[in-house]
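No value in this document is a laboratory result; all are computed from the given coordinates. Just so we're clear, the structure is a prediction, and the values are computed from it rather than from any experiment. With ideal geometry, Cβ positions are generated from the backbone for all residues, glycine too; neighbour counts draw on all protein chains shown.
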Amino acid sequence: MRVHQRVKRILRHYESDNPGTKANLARILTHGRLGNTGKLVILPVDQGFEHGPARSFAPNPDGYDPHYHYQLAIDAGLSAFAAPLGLLEAGADTFAGAIPTILKLNSSNSHATSKDQAITGSIGDALRLGCSAVGFTIYPGSDDCFPMMEEIRELAEEAKSVGLAVVIWSYPRGGNLSKEGETAIDVTAYAAHMAALLGAHIIKVKPPTDHIEQEDARKVYEKQGVDISTLSARIAHVMQSSFAGRRLVVFSGGGAKGTDALLDEIRALRDGGASGSIIGRNSFQRPREEALALLESVIDIYRGKA
Amino acid sequence: MRVHQRVKRILRHYESDNPGTKANLARILTHGRLGNTGKLVILPVDQGFEHGPARSFAPNPDGYDPHYHYQLAIDAGLSAFAAPLGLLEAGADTFAGAIPTILKLNSSNSHATSKDQAITGSIGDALRLGCSAVGFTIYPGSDDCFPMMEEIRELAEEAKSVGLAVVIWSYPRGGNLSKEGETAIDVTAYAAHMAALLGAHIIKVKPPTDHIEQEDARKVYEKQGVDISTLSARIAHVMQSSFAGRRLVVFSGGGAKGTDALLDEIRALRDGGASGSIIGRNSFQRPREEALALLESVIDIYRGKA
Amino acid sequence: MRVHQRVKRILRHYESDNPGTKANLARILTHGRLGNTGKLVILPVDQGFEHGPARSFAPNPDGYDPHYHYQLAIDAGLSAFAAPLGLLEAGADTFAGAIPTILKLNSSNSHATSKDQAITGSIGDALRLGCSAVGFTIYPGSDDCFPMMEEIRELAEEAKSVGLAVVIWSYPRGGNLSKEGETAIDVTAYAAHMAALLGAHIIKVKPPTDHIEQEDARKVYEKQGVDISTLSARIAHVMQSSFAGRRLVVFSGGGAKGTDALLDEIRALRDGGASGSIIGRNSFQRPREEALALLESVIDIYRGKA
Amino acid sequence: MRVHQRVKRILRHYESDNPGTKANLARILTHGRLGNTGKLVILPVDQGFEHGPARSFAPNPDGYDPHYHYQLAIDAGLSAFAAPLGLLEAGADTFAGAIPTILKLNSSNSHATSKDQAITGSIGDALRLGCSAVGFTIYPGSDDCFPMMEEIRELAEEAKSVGLAVVIWSYPRGGNLSKEGETAIDVTAYAAHMAALLGAHIIKVKPPTDHIEQEDARKVYEKQGVDISTLSARIAHVMQSSFAGRRLVVFSGGGAKGTDALLDEIRALRDGGASGSIIGRNSFQRPREEALALLESVIDIYRGKA
Amino acid sequence: MRVHQRVKRILRHYESDNPGTKANLARILTHGRLGNTGKLVILPVDQGFEHGPARSFAPNPDGYDPHYHYQLAIDAGLSAFAAPLGLLEAGADTFAGAIPTILKLNSSNSHATSKDQAITGSIGDALRLGCSAVGFTIYPGSDDCFPMMEEIRELAEEAKSVGLAVVIWSYPRGGNLSKEGETAIDVTAYAAHMAALLGAHIIKVKPPTDHIEQEDARKVYEKQGVDISTLSARIAHVMQSSFAGRRLVVFSGGGAKGTDALLDEIRALRDGGASGSIIGRNSFQRPREEALALLESVIDIYRGKA
């Protein structure tokens, strides 16, 4: 693994971390077709937990097999593969060392009666499975947001002490938030900022709309003339809100959509300075060859070729 | 104990586990009349906790004595015997080494005022009693589902670290679920999938009906044409939802029923690819000779002889 | 201390226990006038916590002094003395080794606003006070029943690991239970069974009435013709529900009553196969000489002399 | 420090305690003008936490300074000084060894929205500050009473293991208790008894009125003719309820009142057999010289001189 | 670092602390332009967590970068810099040793649905980041006040044991408090007093108004003629309520306001004996040169030059 200057510059932003954590961040940033570009694309497969197996895998039944996803992420030249405990366990030995893995430490499901998640993995699990990082979801706005923050605080401290990187999925919902507010620009930038303050190395948020949810925020956005007119401008604002770009921020692809729409969105993300994407259903619910082609296009965009 | 290729192939699916856990899975898979077939039948005796002693044992009063069940499981050539703490303690020395045992770690009862269970055993208990595995019930859908998942997460991590296998009873109930939904095909496949994601080695669910509970799921089942028309087809779908058959899934026999109906159901389970059955009331509530005959028939079906 | 065959046979039922716990059970079963008979009578003095000092001790003011109860239990030749922390502390040195003691680990009081108890003692306390056993109350049916079960589970595991015996007071109340149901035969047998499943060495329940509380249970009692017509028959059913007599079960004397009524009840308990009695208010609220005479009569009944 | 027979007799009542705890009890019982009399007077300064600084100290502004209280307790020849963490920290070095100190481990305040207290100190704090004892308030009757009892249980076990003495402030309130019931004789005697059962070495309650709160208690008081007609008789009943006088019980002075009324009350306490008094606002809210004179009078009463 | 007599006198007030904690207090008190004056000015940057990034940093976008704030605090010659975990992590190495830092251990946000904060940092974090102190917010009056107090109690004990200083932000709100009451003089003095009793080395409160919130307090303020007529008088009362000036108390600047108004307020704080100020939005939301000029003026006031 050769580490280029571009990656070294990024690693220097993580100035409080020990060499173990930096090495794991470097593993992700030097792996795959985006290796050493400073960009990254991650395959997450937690939809089975969130939405159930049929809704996740029936469109492309190969996806019922955990090995399918490992292989897809490897063959597509992605930067890392993220999944809950059982799914990583089912391929951890076969694919040991083949791609950096991220153990998702908490999970919700579509039967849930609260805006919360269950902790379903541990730092010890991540270590025994050879993971490079752990992932954790917080729901800013939720009545359970404080306990969720306290959980990731404790897990992140432990992760950093053993040289793992920390990825925070910051997904506003619940409490006083409107449905539209969940992807509002003020709420999304705030969500990314809180993830950064919680000590995340990599932050995952959704691409924001130009809706502004909180009145006190609206006044400032308008008075200061913060540009939120285009997706690229909004992405730039989210990156700025993540310690002026000192933190890696990746954006989810959201629900399944057409190829053209998806690639247009990726270009806007790239133009706004996003660190990369995290693409689940839009990749593994297509037939493998289509998925590989799509991911190649995504990577090409981040490599500046499209 | 000779371990056949068929069992070795199954063990290879548990690729993250240490030799201790694989050895305990092998103990269950090589024991009894189904030894080395890759199939298993388990005797569970937790009904005394769930429904009380009279409802469980008055029909066949020999069952008040814990030794009766140990002996029944041994004489019937079953794969394992599962029970709560006190019941295992009452025979652990007399029957030490005679049959693999599974300590049920949590229990509910018919006076309970919430859809939850109390933790009534520990990993330390399982070790001192010489068990091969621990069992734990989750109630997907219940308001207490997240805490239950967090309990088994912690217990499973500890179990795996000391070489025990983990069996999850995944029984949907409570919350927004309708009574019919508790055994709906979408809910059952989802319940099995979540147990797999939680890291279970063996999953226990109920045979599903063709009811579909969640609207978002119905759309996918219909659009993708998932076959749920017969019990065998539904079992195959549950197996597929359990990491494409990489996990052992056993099905409960449900309430007491006639012998013919039960055996017909077992054949459907077998034809759908089920790993086996877990049969409680249908065995120990009959006179011993009848029970032995019934279990012989069940085993014959799984051995492909009936 | 000589241990007779009758006691050795009882100890063999505790087949998972270490020699330390068996020795402590043996201390109780070989002590006092019922030593080596396999029967036991215990003096419990937790009424001061449950009902207050005046209601407990004003009828016989000597009882305000903890030493009085130690001495009463010793002079009456009882098997053991059970009390909360502070009361045992107040006499533990003076009476060290003079009678087996049981530290009651939780307590309620008549100001309580929930059907629960506070944990008021620890295993460490029991060890430093030289106790042979610990006692714990659960309220089957109560909204707090699951946490109470989890508390005794953890305490019992620790107790067994350091060679103490475990006594569970299983007193149904709260939740959906009617007042009459608290002593119903189905509820009492179930309460004893759950205590056994929780790993109790000695179970304490109240003598049951012939009321049946739960409809599902009634059907079974009637269909199977379980005999609950006399107190002795009901006691036999409770013993059967306690692992077919593999566990010691003692019955409380209930509220203060006349001597004849009490002795009649003791005879019925004996005839039903009860392991013994636990008699509080009926002994210490009488003048000392009356109490000694009464306890002598009770012991004589269990010795088969009356 | 010479320990007289009177104190040794008291120490013999604490028969389960280690020499460390007995030594600390002896430090309190041999210190000050009441040293070796078997009586004690304690200065508590937790009113700043309970009622705020102005209500506590504005009447005598010297009291804003923690050193003032240390010096007052020393100069008045009191037995011990009790205060919350920060206040003791502010003088612990200056007055090291000058007077036994009691760290109050929990505190409420006049903004509180529940009948509970926050834990604000630890056993480790008490040790590093050189304290002889720790203090803890329980609110019998409160909805939070069980958790409070469990807190002091755990803290008391730890305190005793490191040789500290335990003082329990037992102040009934909340739940079903009427305002008048908080100082009722039945409730107060019960509160003292529960503190004794919880393992307190020293118990603090309020002087009780002749009101009886609970109907079941009233019947017993009337039937048994318990004398509650005078304050002295009621104090005697509280002492009796504290293990027949085997535990030290001190009584609070209550709200600020006139000197004569206060001294009359002290005489009644003494005549009833009280172990002593704990006097806060009535001492530190007066000018220092008045306070010293008052405390001298109080001590003279307990010495039998007035 | 030379430590002047003035600072040594202050350190003597912290008489229970170990040399490690005193050294860290000395680091803060000897650093910057107020070094060795006994006064201090702190830059806090937790507004991003509390109000979001745009409301905090859009007025002066340089503030999105954590390094900006470190550098501002250093160049302005401030005493210390306080921020949440992620923000300190982002500059801890670059600015190691350049200015004392305070890790804010808990945080709220403008989506919160309760008057509480999440714990977002640990003592271990503070140590690995080279901090001199930890900060923690309590909300006196809030329904969550007791848990918050218990959290800081535990954290403060750990902090002191490893030589860190403890800063408590005591901000009344919630429960029965009116909006006006949050800055009432009685409530503010009480809030400072409770922070002192909890063991804080440095206390942060808001400048109080002359409103009195609690009736019982009003009576005392009026009867005793406590002077609350001017801000300086009120500050003096707060200092008095903080152990008669034995504890350092700094006052926040509140919302952004004009320079003249701010400096007038600082003069009143100084005249009342305040230990110093903690100024966030009023400094970092202005252009850097303006902020430096303002902070120079503030420091000059505390140095007695203006």
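Straight-line reach from residue C:305: which lysines have a Cα under 19 Å away, not including same-chain ones fewer than 8 places off?
C:39
Per DSSP H run of n ≥ 4, the term is -39500 (n - 2.57); total these for chain C, divide by its residue number, and report the mean residue ellipticity at 222 nm rounded to 500 deg cm²/dmol.
Rounded to the nearest 500, it is -13000 deg cm²/dmol.
GNM, chain D, Cα, under 10 Å: largest mean-square fluctuation among D:278, D:74, D:102?
Result for chain D, Cα springs under 10 Å: D:74 fluctuates most.
Whose amide H sits under 5 Å from the amide H of residue E:163, counting only residues 5 or more places off or on another chain, with H placed in the peptide plane?
Amide H to amide H, under 5 Å and 5 or more residues apart or across chains, residue E:163 pairs with E:21.
Sort shortest first the distances from residue E:261 to its counterpart in every other copy, using label points 7 Å along the Cα-to-beta-carbon line, and give them in nm.
Relative to the other copies, residue E:261 has label-point distances of 4.9, 4.9, 8.0, 8.0 nm.
Please report, in debye to the nearest 20, how large the charge dipole of chain E is about its Cα centre when each Lys and Arg carries +1 at its beta carbon and each Asp and Glu carries -1 there.
For chain E, the charge dipole is close to 1120 debye.
Across every pair of different alpha-carbon atoms, what Kirkwood hydrodynamic radius in Å does chain B reach?
Result for chain B stands at 19.2 Å.
Between residue C:230 and residue B:271, what is the spin-label point distance in nm, taking each point 7 Å from the Cα along the Cα→C-beta axis?
It works out to 5.7 nm between the two label points.
What are the ³J(HN,Hα) couplings of the range C:199-206, residue after residue, when phi is run through the Karplus curve with 6.51, -1.76, 1.60 and θ = phi - 60°? Round to Hz, x for glycine and proline.
With the stated coefficients, the range C:199-206 comes to x, 5, 8, 10, 10, 10, 9, 8 Hz.
Label-to-label distances across copies for residue C:19, with labels 7 Å out along Cα→Cβ, in nm, shortest first?
Its label point is 3.3, 3.3, 5.3, 5.3 nm from the equivalent points in the other copies.
Across peptide D:240-252, how many C-beta atoms of other chains are within 10 Å of each residue C-beta, on average? Don't jump to the answer; show the numbers that get you there.
Numbers: counts 7, 8, 3, 11, 10, 2, 8, 2, 0, 0, 0, 0, 0.
Taking the mean over all residues of the peptide, I get 4.
Is there a quick way to get the dipole size of the range B:240-306? I mean about its Cα centre, with the Cβ of Lys and Arg at +1 and of Asp and Glu at -1; what is the value in debye to the nearest 20?
280
Strictly over 23 Å apart at the Cα level, which of A:104/A:160; B:115/B:160; C:8/C:204 would you flag in this model?
From the list (A:104/A:160; B:115/B:160; C:8/C:204), the Cα-Cα distance tops 23 Å for B:115/B:160.
I need the helices of chain D that pass two filters: whole DSSP H segments spanning 20 Å or more by Cα along the axis, and mean Kyte-Doolittle score no lower than -0.5. Provide the component values of the computation, followed by the final result.
On the way: long enough: D:145-161 (24 Å, -0.43); D:288-302 (21 Å, 0.51).
Correct list, ordered by number: D:145-161, D:288-302.
How far apart, in nanometres, would the label points at residue D:173 and residue D:264 be if each is projected 7 angstrom from Cα along the Cα-to-Cβ direction?
2.6
Could you work out the Rg to Rh ratio of the range B:1-139, with Rh taken as the Kirkwood radius (inverse of the mean 1/r over all Cα pairs)? Walk me through the numbers before you get to the answer.
Working: Rg = 15.7 Å, Rh = 15.8 Å.
Result: Rg/Rh = 0.99.
Answer with one residue from C:5, D:90, C:191: the one whose Cα lies farthest towards the positive end of the charge dipole of the protein assembly as shown, charges on Cβ with Lys, Arg +1 and Asp, Glu -1.
Farthest towards the positive pole: C:5.
Considering chain E as a Gaussian network with a 10 Å cut-off on Cα pairs, which listed residue, E:238, E:162, E:187, attains the greatest mean-square fluctuation?
Maximum fluctuation in the GNM of chain E, among the listed residues, is at E:162.
Would you list A:3, E:166 from fewest to most Cβ contacts within 10 Å?
Values: A:3 17, E:166 28.
So the residues, fewest neighbours to most, are A:3, E:166.
In debye to the nearest 20, how big a dipole does the protein assembly as shown give about its Cα centre with +1 on each Lys and Arg Cβ and -1 on each Asp and Glu Cβ?
That gives the protein assembly as shown a dipole magnitude of about 3460 debye.
Just to be sure I understand the model, the point goes 7 Å from the Cα along the line to the Cβ. What's the resulting residue B:62 to residue A:293 distance in nm?
6.7
For peptide C:60-67, how many partner chain Cβ atoms fall within 10 Å of a residue's Cβ, on average?
4
With contacts defined as alpha carbon pairs under 8 Å and 6 or more residues apart, what's the relative contact order of chain D in percent?
With pairs under 8 Å counted, the relative contact order is 18 percent.
Most mobile of B:82, B:261, B:98 per a Gaussian network model of chain B (Cα springs, under 10 Å)?
Ranking B:82, B:261, B:98 by mean-square fluctuation puts B:261 first.
In chain C, with Lys and Arg counted as +1 and Asp and Glu as -1 at Cβ, which of these residues, C:100, C:43, C:258, has the Cα nearest the positive end of the dipole, that is, farthest along it?
Checking the options against the dipole of chain C, the answer is C:100.
Jot down the radius of gyration and Dmax of the protein assembly as shown, Cα atoms only, both in angstrom.
According to the Cα coordinates of the protein assembly as shown, Rg and Dmax are 35.4, 102 Å.
Taking residue E:219 as the anchor, which aspartates and glutamates have their alpha carbon closer than 16 Å to its alpha carbon, excluding any fewer than eight residues away along the same chain?
Candidates past the 8-residue exclusion: E:186, E:210, E:227.
Can you give the FRET efficiency to the nearest 0.05 for residue C:9 and residue C:303, using r as the Cβ-Cβ distance and R₀ = 25 Å?
In this case the efficiency is close to 0.90.
What ranking of A:68, B:70, C:190 emerges when the number of other C-beta atoms within 10 Å of each C-beta is taken as an exposure proxy, fewest first?
A:68, B:70, C:190
Given 10 Å bins starting at zero, what is the percent of C-alpha pairs of the range D:60-179 in each, up to the one with the largest pair distance?
Result, from short to long distances: 13, 40, 32, 14, 1 percent.
Calculate the mean, over all residues of peptide D:84-95, of how many other protein chain Cβ atoms lie within 10 angstrom of the residue's Cβ.
Details: counts 5, 8, 15, 5, 3, 12, 11, 4, 2, 5, 2, 1.
For this peptide, the per-residue mean of nearby foreign Cβ atoms is 6.
List the equivalent ellipsoid semi-axes of the range B:137-217 in whole Å, largest first, each obtained as the square root of 5λ for an eigenvalue λ of the Cα gyration tensor.
Result for the range B:137-217: semi-axes of 25, 13, 9 Å.
Short version: what are the Cα gyration tensor semi-axes of the range D:242-291, square root of 5 times each eigenvalue, largest first, in whole Å?
With the √(5λ) rule applied to the range D:242-291, the semi-axes are 24, 11, 8 Å.
Name the residue from D:32, D:134, D:54 whose Cα lies farthest towards the positive end of the charge dipole of the range D:1-151, charges +1 on Cβ of Lys and Arg and -1 on Cβ of Asp and Glu.
D:32
If you draw the axis that swings chain B onto chain E, which residue of B has its Cβ closest to it, and how far is that in whole Å?
B:147, 10
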